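Structure record follows, encoded as structure tokens.
The values are calculated or read from the model by the stated rules, or taken from the named source; none is laboratory data. Just so you know, these numbers come straight off a predicted model, no measurement behind them. Using ideal geometry, Cβ is built from the backbone for each residue, glycine included, and neighbour counts are taken over all protein chains shown. When the accessible area is computed, the model is the full protein with side chains, heavy atoms only, and any ligands, DNA or RNA have been set aside. Shrake-Rupley method; radii C 1.70, N 1.55, O 1.52, S 1.80 Å.
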Amino acid sequence: MAERYYVVREDLLPEGILKTEQAKELLRRGEAATIYEAAERVGLSRSAFYKYKDGVYPLEQASRDRIATLSMDLVHRSGVLSKVLSMLAASEGNVLTISQSIPLQGMANVVISIDTSLVNGALPELLEKLRSLDGVKRVTIAGRS
């Protein structure tokens, strides 16, 4: 079953979740050197911090790191790019941009930016699937935002 996410107003959240985010903010800003110190400063147990730390973050942070830019070398043959795009669509990757160089010596470089927020599975798994396609010679992550 796919993970589900909710947007919840801050005043409705339990105290442990709010304090976890406060502790994470202290760590991000360098105002606390350790998890123990951050948790202690906000009045939170370390066990509660570890329980919630991977599941709570501010909405503005949730939109980060969801766009991946992939650089690929593809054999210049009919249907190769179409297979790549079909695989991205089947994995729920939303294509944002595509840029392809003019093929030289039978190869073309293609740069595709995708929204990965709904991608089925992890991004490394998707890259391996793309690499396994006939005509795909190289796939790397050129950037994340």
Selection from segment 122-141 of residues that are part of a loop (DSSP other than H, G, I, E, B) and open to solvent by 50 Å² or more (accessible area, probe 1.4 Å): S132, D134
Evaluation of I17 against (1) open to solvent by 50 Å² or more (accessible area, probe 1.4 Å); (2) more than 29 Å from G143 (Cβ to Cβ) (one fails), failing number: (1)
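Give the number of residues within segment 87-97 that are of a type in the set (V, I, T) and surrounded by 12 or more Cβ atoms within 10 Å (Cβ to Cβ).
Filtering segment 87-97 for residues of a type in the set (V, I, T) gives 95, 97.
Still in the list and also surrounded by 12 or more Cβ atoms within 10 Å (Cβ to Cβ): 95.
Matching residues across segment 87-97 total 1.
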All positions within segment 13-48 that are in contact (Cβ under 8 Å) with a residue 12 or more places away in the chain and charged (D, E, K, R): K19, E21, K24, R41
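Looking at V84, is it open to solvent by less than 20 Å² (accessible area, probe 1.4 Å), touching a residue at least 40 places away in the same chain (Cβ under 8 Å) and either in contact with a helix residue (DSSP H, G or I) (Cβ under 8 Å, 6 or more places away or on another chain) or not aromatic (F, W, Y) (or both)?
Working: open to solvent by less than 20 Å² (accessible area, probe 1.4 Å): yes; touching a residue at least 40 places away in the same chain (Cβ under 8 Å): yes; either in contact with a helix residue (DSSP H, G or I) (Cβ under 8 Å, 6 or more places away or on another chain) or not aromatic (F, W, Y) (or both): yes.
Criteria met by V84.
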